[in-house]
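The structure under discussion appears below in the form of structure tokens.
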Amino acid sequence: MKLCVSLDNPSRQENLELVKKLKDFDIWLKVGFRSYIRDGKEFLEELKAINPNFKIFLDLKLYDIPNTMADAAQEICKLPIDMFNVHASAGKNAMKTVMDRIKDVPNRPIVIAVTALTSFDDESFKYIYNENIEQKATKFAKDTFEAGMDGVVSSAFESLDIKKNTSNEFITLCPGIRPFGEDAGDQKRVADLTLAQDQLVDFIVVGRPIYKSDNPASVVQKILENI
Ligand code: C5P
């Protein structure tokens, strides 16, 4: 299991200070909309300059018509990143088009798809998809697998089921992790390290328990010792 640290601080400076404190660890860094829109490619380069072994997950969740998604994916592959994502609800055809477009990229990044956003409850999910959230998330995972993508963003609670319905090698990347039972904040269903391990999660995404800590390096150290 790998640790992916969410860089969700409000400013570039705070994100860079956090990453400098974590420079000796074998970790992934998650860069989302806010920092990418504000700080761009240069920020990604700065992260790699702090430690070239850092792996970067660019969390932009592409969603558009197939050709536009493939165009964006092709551009993303020119960035210094190691993983990016799309929405599975864009459809199997869109995901296939993305994978087909970037199939010959040397060292192509890992590509995963969001199944169901964790902000949905049953009712709001049904309003859009007219289906039960768990069943539909598994269907989205199967579509993603069949489209040739590498894995999904899912809840840790669904990881094992997704692997059973696809393949053990199919990657699950799971936010909503509170490694040692820390405060859940706005997350609804949180999992600790033991649950994530039992569910064969490949990547845990951890934000606040690390960046809001007085000693982020010691939290990361403790997580790495336990996974
Ligand atoms: O602070 P916390 O550990 O809850 O951060 C989780 C990170 O994962 C945040 O960056 C959040 O946007 C992201 N995320 C999530 N649920 C999803 C997809 C992404 O919490 N379904």
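Comparing SER167, SER124, SER11 in a Gaussian network model of the chain where C-alpha atoms under 10 Å apart are linked, the largest mean-square fluctuation is found at SER124.
Dipole orientation for the stretch 68-169: of the candidates THR115, GLN135, ASN93, ASN93 has the Cα lying most toward the positive pole (charges on Cβ; Lys, Arg +1; Asp, Glu -1). Bridging of LYS92 to aspartates and glutamates at a Cα separation below 14 Å is possible for ASP64, ASP100, ASP143, GLU146, ASP150, once same-chain residues fewer than 8 apart are set aside. Which entries in LYS48/LYS222; LYS139/LYS188; LYS41/LYS142; LYS163/LYS222; LYS103/LYS163 show an alpha-carbon gap greater than 25 Å? Flagged as over cut-off: LYS41/LYS142; LYS163/LYS222. Dipole check for the chain: with +1 at the C-beta of Lys and Arg, -1 at the C-beta of Asp and Glu, and the Cα centre as origin, the magnitude is about 280 Debye. GNM on the chain, alpha-carbon springs under 10 angstrom: the most fluctuating residue among ALA49, ALA88, ALA141 is ALA49. Once each part is reduced to its C-alpha centroid, what is the distance from the stretch 55-107 to the stretch 178-209 in angstrom? Here the two parts' Cα centres lie 26 Å apart. When 1/r is averaged over all different Cα pairs and the result inverted, which Kirkwood radius in Å belongs to the stretch 8-105? For the stretch 8-105, inverting the mean 1/r across all distinct Cα pairs yields 14.3 Å. Rg/Rh for the stretch 110-227 stands at 0.99; both radii use Cα atoms, and Rh follows the Kirkwood definition. Between the residues PRO216, ILE171, SER124, the greatest Cα displacement towards the positive end of the dipole of the chain, with unit charges on the Cβ of Lys, Arg, Asp and Glu, is found for ILE171. Label-to-label distance for GLU45 and SER119 is 3.2 nm, based on points extended 7 Å past Cα in the beta-carbon direction.
For the chain, the share of accessible area belonging to carbon and sulfur comes to 47 percent (1.4 Å probe, ligands and nucleic acids excluded).
Taking a quarter of the surface of the Cα convex hull of the chain gives a mean projected area of 11.8 nm². Rolling a 1.4 Å probe across the protein heavy atoms gives the chain an accessible surface of 49 Å² per residue. Cβ-Cβ distance of ASP183 and ASP104, R₀ of 45 Å, FRET efficiency by 1/(1 + (r/R0)^6): the value works out to about 0.50.
The values are calculated or read from the model by the stated rules, or taken from the named source; none is laboratory data. Owing to the predicted nature of the structure, the values given are computational and were not obtained by experimental measurement. Counting neighbours? That spans all protein chains shown, and the Cβs are built from the backbone with ideal geometry, glycine included. Surface accessibility is based on the protein's heavy atoms, side chains included, excluding ligands, DNA and RNA. Shrake-Rupley method; radii C 1.70, N 1.55, O 1.52, S 1.80 Å.
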